[in-house]
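Since the structure comes first, as structure tokens, the remarks are kept for the end.
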Amino acid sequence: MPGEPRGDGRGAARIVRETATRVPPDFDANAFDDDICYLIERVGGMVAREFQVVGFVSELFALQRKHGIYGTSRFTLAILSLLVLEGVAKQRFPDLDFQKEVVPFVMAALAA
């Protein structure tokens, strides 16, 4: 949610779980959290020219599938919006801290 520290993999994992349309009964929250934390650690702090939304989302969706979690259409629409914003940011502002700028918007969209 807004105000959470950037790079908070556990917080990101919690939000993905809480907004999922399906979480299996045998879900291993600790393993999922560890996987999300590792993903967040690898991409945290990258500027626009380094960060690839498609690669990040691909890995995120793969982790969701691995753990049997299914996200909402709202989550997918937020990701599509990020893809458009990423293209503009890379062209016009390659040194922009893309993640810092978009996190509050994504969190607000997911919380709504």
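For the reader, a short list of remarks on this structure follows.
- Test item: Cα-centred dipole of the chain, Lys/Arg +1 and Asp/Glu -1 on Cβ, debye: 320
- At 1.567 mPa s and 4 °C, Stokes D of region 40-93 from Kirkwood alpha-carbon radius, µm² per second: 107
- Solvent-accessible surface (1.4 Å probe) assigned to R10 amounts to roughly 110 Å².
- The sum of -39500 (n - 2.57) across all DSSP H runs of n ≥ 4, divided by the residue count of the chain, sets its helix-only mean residue ellipticity at 222 nm to -22000 deg cm²/dmol.
- Under Karplus coefficients 6.51, -1.76 and 1.60, residue-wise ³J(HN,Hα) of region 35-50 in Hz, glycine/proline x: 5, 5, 4, 4, 4, 5, 4, 5, 9, x, x, 6, 7, 3, 5, 8
- The angle separating the long axis of helix 73-92 from the principal Cα axis of greatest extent in the chain is about 20 degrees.
- Relative to the longest principal axis of the Cα atoms of the chain, the long axis of helix 98-111 makes an angle of roughly 40 degrees.
- Normalised by 2.2 N^0.38 Å, with N the number of residues, the alpha-carbon radius of gyration of the chain equals 1.04.
- In this structure, the amide hydrogen of Y70, modeled 1.01 Å from its nitrogen in the peptide plane, lies closer than 5 angstrom to those of T21, R22, counting only residues at least 5 positions away or on a different chain.
- Value of Rg/Rh across region 13-69 [Cα atoms, Kirkwood radius]: 1.00
- Accessible surface area normalised per residue over the chain is 59 Å², counting heavy atoms of protein chains with a 1.4 Å rolling probe.
- Along region 15-28 the Karplus relation, 6.51 cos²θ - 1.76 cosθ + 1.60 evaluated at θ = phi - 60°, assigns HN-Hα couplings of 5, 4, 5, 5, 9, 5, 7, 8, 10, x, x, 9, 4, 9 Hz to successive residues, with x for each Gly and Pro.
- When you count the other C-beta atoms within 10 angstrom of each residue and take the mean per peptide, 23-29, 97-103 line up highest first as 97-103, 23-29.
The values are calculated or read from the model by the stated rules, or taken from the named source; none is laboratory data. The structure displayed is predicted, hence computed values, not measured ones. Cβ sites come from the backbone with ideal geometry, for glycine too, and all protein chains shown count toward neighbours. Each accessible area value is taken on the protein alone, full model and side chains, heavy atoms only, with ligands, DNA and RNA left out. Shrake-Rupley method; radii C 1.70, N 1.55, O 1.52, S 1.80 Å.
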